[in-house]
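These notes are about the structure you will find just below.
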Amino acid sequence: MTAQQTVFVVEDDERMRVAIELLLRTEGFEVQSYPDAEAFLAGEICPQSVCLLTDVRLPGVDGLALHRHLVATGAAPATVMITGHGDIPMAVSALKEGVLDFIEKPFHPPVLVECMKEASRRALATRDREMKMAEFKVRLSTLTPREAEVLDLLAEGESSKAIASRLGISVRTAEHYRAKIMEKLEVPSTSRLIALMSAR
């Protein structure tokens, strides 16, 4: 595990919270734990994807409401929930809303560890995508107005010939702009360029 793979644990049962924290630290995770959602939200949380382990039932804001809040604020949480037997309908609802998994109490430590490893991988993958997109947007800002105009047409799937016709330039000039755009944006193919533009 790396320091980037911090697991945020939100559990109101102190003994359970301490036990989970000890287990995850033993497995190499960085852990920050909180007794409730309000304490978690009051902390300085990275706005990028977070790896979250939370009880479904919490005093005040419950685990599902916490997950929804993080999604709404763009934190893209990789969430795993702990649930009691009576919480199954709520947990099923949570899965439909993007929660990765839920673990029934009492749970086996290896099961929890594997779930958090997967959540951590998801969080890091999301964070990596976010960083790459941020870099792509910086590169976009380096385009000239004409290059940006050509880029919009490329993103629509237009060929160099069609772009030349629409902009009143030669095909050779359109090809020149196309090559310059790909170079500035560091994109290997038009299909990749279209995918990045669609994901903005």
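The values are calculated or read from the model by the stated rules, or taken from the named source; none is laboratory data. Everything numeric here is computed off the predicted structure, so don't read it as measured data. As a convention, Cβ positions derive from the backbone with ideal geometry for all residues, glycine included, and neighbour counts pool all protein chains shown.
Among the residues of the range 7-41, which ones are farther than 13 Å from VAL113 by Cα and of a type in the set (Gly, Ala, Ser)?
Hits for the range 7-41 are SER33, ALA37, ALA39.
Looking only at the range 81-115, which residues are closer than 16 Å to VAL56 by Cα, assigned to a helix (DSSP H, G or I) and at pLDDT 85 or above?
Initial filter on the range 81-115 (closer than 16 Å to VAL56 by Cα): 81-107, 112, 115.
So of that shortlist, the ones also assigned to a helix (DSSP H, G or I) come out as 85-96, 112, 115.
Passing the criteria: LYS96, LEU112, CYS115.
Pull up the range 90-114, narrow it to residues that are touching a strand residue (DSSP E or B) at 6+ places or on another chain (Cβ under 7 Å) and touching a residue at least 40 places away in the same chain (Cβ under 8 Å), then point me to the one that is nearest to THR26 (Cα to Cα).
LEU112
Sort out which residues of the range 103-137 are assigned by TED's automatic domain parsing to the domain that holds VAL80, farther than 18 Å from ALA75 by Cα and hydrophobic (A, V, I, L, M, F, W, C), and write them in order of number.
ILE103, PHE107, VAL111, LEU112, VAL113, CYS115
Do you know which of the residues in the range 114-141 that are under 16 Å from the mean Cα position of the chain (by Cα) and of a type in the set (A, V, I, L, M, F, W, C) is surrounded by the most Cβ atoms within 10 Å (Cβ to Cβ)? Step through it out loud before you land on a result.
Restricting attention to the range 114-141, the residues satisfying the condition of being under 16 Å from the mean Cα position of the chain (by Cα) are 116-135.
Next, from what is left, pick out any that are of a type in the set (A, V, I, L, M, F, W, C): 116, 119, 123-125, 131, 133-134.
Values: MET116: 29, ALA119: 24, ALA123: 27, LEU124: 17, ALA125: 12, MET131: 11, MET133: 13, ALA134: 10.
Among those that are under 16 Å from the mean Cα position of the chain (by Cα) and of a type in the set (A, V, I, L, M, F, W, C), it is MET116.
(1) touching a residue at least 40 places away in the same chain (Cβ under 8 Å); (2) buried (at least 19 other Cβ atoms within 10 Å of the Cβ): which one isn't true of ASP12, the others all being true?
The one condition ASP12 does not meet is (2).
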